[in-house]
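Engineer: Here it is, the structure, as structure tokens.
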Amino acid sequence: MDPYSFGAGGSMPDEEIHDYDDLERLEQELLPQSDDYYGVLNVSKKATDDEIKVAYKKLCRFYHPDKHNNDEHKKIAEARFQVIQRAYEVLSNRQTRVIYDIYGEDGLQAKWEVGPKYKTPEELQAEYEKKARLKREKDLENLIRSNDEVQVVLDATQILDPYEPPVFNSFGQPPVVRARGPFHRLAKGNVQQLFLRHSFETELGPQTRGLIGCSMVSRNGMGGGNLLGTLRHTYSPKMTAELTATLLRPRGLTLKTFYSMSSDSFCNTTWQTKDWYSPPIATLTVGRRLFATTTGYLTYRTGEWHLGAWGMDTAAHSMDKSSVALGLAGSVNKEKGNFSCELQTGILASHVAGDYTHKVDKNLRVRVAGSVSTMGGVTASIGSDHKISSYIRVGMSMECGVPAGVTVKFKVSRLGQKLVIPVLLSSEWDLRLTVLATVVPASVGYLLDHLLLKPKRQAQIRAKIHNLREQHADILENRKAEALDAQKLIQTAAERKAAMEAKKRDGLVIVKALYGNLTSADDDGADGVIDVTIVLQAMVNESRLTIPGGHSKVKKKGTLSLIGWV
């Protein structure tokens, strides 16, 4: 932002804001913006060092405190000259200019420990981007250092289709009528399975991370649990390895490697072993980008196998046999939709599967999936998840199939925590239950969102906007006063230029110039509109008015940002 600009970066929108993301973006837009150093010097972002130096010297003639005798003007000039001096210091230095171009004023405040001083701008940019990416990843990992998942599988088959055993009476006795309470059917439901998992990840070194986790499962009153530890090490930007070991019985060891052969291809391997009496189960996946947004992959899994006598007994009785899978994954429709499909063939099990996820808007995603398997039969599912706040998502899906039956699944996730509640409605496929399990929850969710959650969100957003309006009005008024004070410094020069241009045959004289949220030329007294005639006249040079591009004058329609340049 240059010395003649004012505004808090944007004005309050007239349209209604519907979600927290828009509100958060609005708050960022309304924050006082840091100075646009290119706009301060009135040069483009592609300006050479000589052009920056010439622009700086030109501004010194206007804003150097020694150029003014009036005490009021001298005080204003001192404040403006500090901004000009700072802009020149940043843009005249190759290293700080690269940082400013990428990260703005925040990047200049950070401590960058990068390599040799004499690097090209491209090399500096690449190194700064790498440092910033690592910092963002570290900040995110520190925010979400733990992951938890709770899954409760409920069996509701006896609630929807209860089995009542017949009552036998003695000969000649009246039939026995059992009293049924209002919650008689609900008592027939039961928890079929409970699954808990927790993990905690921390940094052990610059390229090494450690993870400690535990899991527990209980099914029909019986179950068990285990502890596991994982070490993940990054050897290079192309190579990462991960070793996981279970600490309790059944013990196991898993080694995973991830290798990027190029920007378009990769190779991943997994080795799993439970004991030393058989060779490890190996999985190899190779993939390559086939199109701009589509990647193909091939996966081979050995299953249980033997090497001579080593592992022969285990391989002979195991149900884990070898298989080969061929698949595609990618995005369509400008990344609004993601898809995947896979064809697998194996000794015991083969399947064809596919799924598609569509992003309806920034808060709602819909997913459909289906598969045909020689062991799992035919399954299909449809579901959606909705973002109700910055960190919370709520989802629901319906899964049905033969012989899987009908299941409704509810899911709530917040950062690294997840709660999943699958409810088994029928152990067999039932068309009526399938329709009800799809329509009823979707309708309830729609009504709940529009009648309860949405009004609550709108009330909170309206209250926040009211506060923002008050804060924004104060900031805008202060910036406007500063801009008007700054124009006093160049008024004499602008009048002198106007007089000189008026004497020329083809001279350029700015009669009237307004900037802001204008609907007509008579809005010079409207709120958020300022007269910039003096500013533009001062910019006239040899009957030409030049305003370098590359500076954002308006962030969005209807906002007021920059009102002049020198």
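The values are calculated or read from the model by the stated rules, or taken from the named source; none is laboratory data. Since this is a predicted model, take the numbers as computed values, not measurements. Reconstructed Cβ throughout: ideal geometry from the backbone, glycine too, with neighbour counts over all protein chains shown. Just the protein is used for accessible areas: all its heavy atoms, side chains included, with ligands, DNA and RNA removed. Shrake-Rupley method; radii C 1.70, N 1.55, O 1.52, S 1.80 Å.
Engineer: What nm value, rounded to one decimal, do you get for the distance between Glu470 and Gln95 when each label is placed 7 Å out toward the C-beta?
Structural biologist: Taking the simple label geometry, Glu470 and Gln95 are separated by 4.7 nm.
Engineer: Let me ask something else. Which of Ala404, Leu425, Ser384 sits closest to the plus end of the dipole of the stretch 378-453, meaning its Cα is farthest towards the positive end, when Lys and Arg get +1 and Asp and Glu get -1 on the C-beta?
Structural biologist: Of Ala404, Leu425, Ser384, it is Ser384.
Engineer: If you take every residue apart from Ala241 with its C-beta less than 13 Å away from the C-beta of Ala241, what net charge results, scoring Lys and Arg +1 and Asp and Glu -1?
Structural biologist: Computed value for this residue: +3.
Engineer: Another question, if that's okay. If you count only protein heavy atoms and use a 1.4 Å probe, how large is the accessible surface of His317, to the nearest 10 Å²?
Structural biologist: Approximately 150 Å² of His317 is accessible to the 1.4 Å probe.
Engineer: Can you pull the one-decimal nm distance between simple spin-label points at Lys488 and Asp50, each 7 Å off the Cα toward Cβ?
Structural biologist: Going by the 7 Å Cα→Cβ label model, 3.9 nm.
Engineer: Here's something else I'd like to know. Describe numerically, in nm with one decimal, the distance between label points set 7 Å from Cα along Cα→Cβ at Leu364 and at Ala241.
Structural biologist: 4.9 nm
Engineer: Calculated FRET efficiency, Ser413 and Tyr163, Cβ-Cβ r, R0 41 Å, to nearest 0.05?
Structural biologist: 0.70
Engineer: Could you tell me the largest-minus-smallest coordinate of the C-alpha atoms of the stretch 218-362 on each of the three principal axes, in descending order and whole angstroms?
Structural biologist: Sorted from largest, the Cα extents of the stretch 218-362 read 51, 39, 36 Å.
Engineer: If you count the DSSP beta bridges with both ends in the stretch 305-422, what percent of them are antiparallel, to the nearest 5?
Structural biologist: If we restrict to bridges inside the stretch 305-422, about 100 percent are antiparallel.
Engineer: Continuing with the same structure: I'd like the accessible area for Trp305, computed on protein heavy atoms only with a 1.4 Å probe and all protein chains in place. Round to 10 Å², please.
Structural biologist: So the heavy atoms of Trp305 present about 80 Å² to solvent.
Engineer: Tell me the net charge near Arg365. Cut-off is 13 Å between Cβ atoms, Arg365 excluded, with +1 for each Lys or Arg and -1 for each Asp or Glu.
Structural biologist: +3
Engineer: Could you calculate the contour length gain from Ala442 to Glu335, that is, 0.36 nm times the residue separation minus the distance between their Cα atoms, to one decimal place in nm?
Structural biologist: 36.0 nm
Engineer: How much accessible area per residue does the stretch 382-508 have, in Å², with a 1.4 Å probe?
Structural biologist: With all protein chains present, the stretch 382-508 gives 61 Å² per residue.
Engineer: As a test question: what accessible area, to the nearest 10 Å², does Glu304 have when a 1.4 Å probe is rolled over all protein chains in place?
Structural biologist: Around 30 Å² of this residue is reachable by solvent.
Engineer: Let me ask something else about it. Over the stretch 264-421, with every protein chain in place, what whole percent of the accessible area is carbon and sulfur at 1.4 Å, could you tell me?
Structural biologist: Summing carbon and sulfur atoms, their accessible area is 64 percent of the total for the stretch 264-421.
Engineer: Past 30 Å, Cα to Cα: identify those pairs from Lys45/Lys512; Lys362/Lys411; Lys45/Lys504, in the order given.
Structural biologist: Table pairs above 30 Å Cα-Cα are Lys45/Lys504.
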